[in-house]
2 protein chains.
Amino acid sequence: MHRTKVRIVEGALDANDTIAQANRADFDRADVRVVNLMSAPGAGKTALLERVATDLPGLRLGVLEGDVEGSMDADRLAALHVPVTQLNTAPGFGGECHLDANMVRSALPGLALDEIDLLVIENVGNLVCPAEFRVGEDARVMVSAITEGEEKPLKYPLMFRACELVLVNKIDLLPHLDFDLDKFLYNLDQVSPGVERILVSAKTGEGLGEWRDWLARMGSPVEAPA
Amino acid sequence: MHRTKVRIVEGALDANDTIAQANRADFDRADVRVVNLMSAPGAGKTALLERVATDLPGLRLGVLEGDVEGSMDADRLAALHVPVTQLNTAPGFGGECHLDANMVRSALPGLALDEIDLLVIENVGNLVCPAEFRVGEDARVMVSAITEGEEKPLKYPLMFRACELVLVNKIDLLPHLDFDLDKFLYNLDQVSPGVERILVSAKTGEGLGEWRDWLARMGSPVEAPA
């Protein structure tokens, strides 16, 4: 009787992580820093990109737009002369509610990595599954709009824990909402103690300088994390 | 040589639809009407239920609360003495971003169907996957908050097409947003022509009478659709 013993290696990566590492290696070779930008639908990811896209001195920005279908956000950014690649999850990916490493990999041939320093991957609007899939990014940023309520960190803890920066958006609406900012920040610290956060408004411009500086640091090969 | 011929029946249901039909049969036996309530995170599903839950004359309401984790929304409704069953997708369902028929079925033993007339299933906050899974409901309702932007019907067409009623919520914020209501309604009609819609505000009460009447009709065995 012939037997083959298959040894399961401890710490073996799942398929997504393996592909994410391959993406990471390609980004490194091209000296491109990558940010995975996530939020619920309509929290303002595209607006916050629009507002700083043309104001990143010395930094060549590129965007990979993830959507179930359509290219409306990509069109908005392309109008600012930002190189944008659209990745739709409906045709070919079964209408997935998130991007994974393999989808991002499928988009790499369309990205001129040599011509950009910082790639922002705008994920599908969803607070659950995007947090479960690394795509080869350096950092994850999430946008939480105050219109969504104070309890969101407690309801979607994985998403809030998974990111290095939380942009608290639509802060201009504070006077018009029953939203307790202290309570939100307390809830945020409950699930991700001390995580970096910036209060922003794509409408009034509040906090956009800080957001732009964060992206500029991230895009700089010297200061970005290894 | 022995051969077994397996005939694939045309129109065979997938597993989810089979279980949804079983749920439907159980609901019918108990004479319970069922609404599947869906939206993006923070659009106001729970608030809109809270505002009408104690104001449905002659109708016994029950709620099945779907969340990744936690029971905050269920607690809010239980405080109003509405019978609520919490269904968390994190333990046992892998942190799923939606409810499916099998998850709802797993909750049936905890639901006193004989003691309610109308069951509202509050789905996980997500505009993608919940629309792909029937759970045995009579009708699907979605809440779209105007803070999410006018283009949401075009970006998440399946969700907007899948439902019988769209609640356009947070209408009180209209003066404070760059939101073109006519454009939103035009986009809505592009993907789901003529779908019933009610403009509502859980805060000011606008449209809540109409929403309550819709639920009352749905919960009435005579007038509800077969």
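The values are calculated or read from the model by the stated rules, or taken from the named source; none is laboratory data. For clarity, every value in this text was computed on a predicted model and none was experimentally measured. No Cβ is skipped: glycine too gets one built from the backbone with ideal geometry, and neighbour counts run over all protein chains shown.
Observations on the model:
- Scan of segment A:53-100 for residues that are on the phi > 0 side of the Ramachandran plot and assigned to a loop (DSSP other than H, G, I, E, B), ordered by number: A:Gly58, A:Gly70, A:His81, A:Gly94, A:Gly95
- Cross-chain or 6+ apart pairs with Cβ under 7 Å, segment A:116-127 first and closer than 21 Å to A:Gly70 by Cβ, then among the aromatic types (Phe, Trp, Tyr): A:Leu127/A:Tyr156
- Conditions (1) in contact with a helix residue (DSSP H, G or I) (Cβ under 9 Å, 6 or more places away or on another chain); (2) surrounded by fewer than 23 Cβ atoms within 10 Å (Cβ to Cβ): number failed by A:Met142: (2)
- Residue check for B:Ala53: of a type outside the set (D, E, K, R), closer than 25 Å to B:Met159 by Cα, more than 9 Å from chain A (Cβ to nearest Cβ) and free of Cβ contacts under 8 Å to residues at least 40 places away in the same chain: yes
- Just one residue in the set B:Leu173, B:Leu154 is out of contact with any strand residue (DSSP E or B) (no Cβ under 8 Å at 6 or more places or on another chain) and under 21 Å from A:Thr204 (Cα atoms); that residue is B:Leu173.
- Residue identified as touching a Gly at 6+ places or on another chain (Cβ under 7 Å) and of a type in the set (Asp, Glu) among B:Glu196, B:Glu148: B:Glu148
- So A:Leu48, is it modelled with pLDDT of 95 or more, within 28 Å of B:Gly44 (Cα to Cα) and either touching a Phe, Trp or Tyr at 6+ places or on another chain (Cβ under 7 Å) or surrounded by fewer than 15 Cβ atoms within 10 Å (Cβ to Cβ) (or both): yes
- Test: A:Gly70 is at pLDDT below 95, crowded, with 16+ Cβ neighbours inside 10 Å and within 14 Å of another protein chain (Cβ to nearest Cβ): yes
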